[in-house]
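FYI, it's all coordinate maths here, none of it is from the lab. Keep in mind that what you see is a predicted model, and the values were worked out from it rather than measured. Note that each Cβ is placed from the backbone with ideal geometry, even for glycine, and that neighbours are counted across all protein chains shown.
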Amino acid sequence: MERFGRLDVVVNNAGYGLFGMVEELTEADLRAQMETNFFGTVWVTQAVLPVLRAQRSGRILQITSEGGVRAYPAIGAYHASKWAVEGLSESLAQEVAAFGVHVTMVEPGPYATDFAGATSLRTAERHPDYAAVHEVTDAKEWVLGDPAATADAILLLADTEKPPRRLVLGNTLPEIEAIYAERLREWREWAPVTEAAFG
């Protein structure tokens, strides 16, 4: 803003991974995860909104994750933080649309970043009762995308006239579609209970 007199694109991309079963997480673990991944996004968003509102234009790209629409075991805190960003951003998009501000939730799958590296990953102390679950999650082999391959997608979001509310990046869309199909199937199966609970 100081250099160019305006803001056109804001990318919220701060975050780190926290591995641990829900029971293994300490309050400090959870608060630190939410402080960075969720509240960090909130504070940056609030800082730029007055500028974007005043100029009646701009893009906010919230880098959530495929982990903001699905969940794996042993990453519950990370998922909670990213689902929180998704919920916040869904409301935000509706609140700022009249000001010409577009919000897109970018949902990358696994990429060869430092997400699982020494500076970006924290691990809770393991409980022996979860050894079998840890064994399965530890053995999972991830197919990692090239982070550089996302650049064109981000530039397209910055430039396109009508950006989408959400954009999945990488190779996980078929898995996400299957998860949503199962959610719809289950909701429909229980629809009589749903409707009866209205009164």
Mean Cβ-within-10 Å packing, highest first, puts peptides 153-161, 72-80, 41-49 in the order 72-80, 41-49, 153-161
Among rounded, prolate and oblate, which fits the stretch 1-67 when a ≥ b ≥ c are the square roots of the eigenvalues of its C-alpha gyration tensor, a/c under 1.5 means rounded, and a/b larger than b/c means prolate? prolate
I'd like to compare 12-21, 185-194, 83-92: which one has the highest average count of other Cβ atoms within 10 Å, and what's the full order after that? 12-21, 83-92, 185-194
The stretch 113-199, Rg to Rh (Cα coordinates; Rh as Kirkwood inverse mean 1/r): 1.11
Tell me the relative contact order for the chain as a rounded percent, counting alpha carbon contacts under 8 Å between residues six or more apart. 25 percent
Separation between Cα centres of the stretch 48-122 and the stretch 151-178, rounded to whole Å: 12 Å
Counting other Cβ atoms within 10 Å, keep those with at most 11, restrict to DSSP loop, and tell me which trypsin sites (Lys or Arg not before Pro) in the stretch 1-80 are left. ARG3, ARG56
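With Rg and the Kirkwood Rh both taken from Cα atoms, where does Rg over Rh land for the chain? Write out the running numbers ahead of the final one.
Values: Rg = 18.8 Å, Rh = 18.7 Å.
Expressed as Rg/Rh, it is 1.01.
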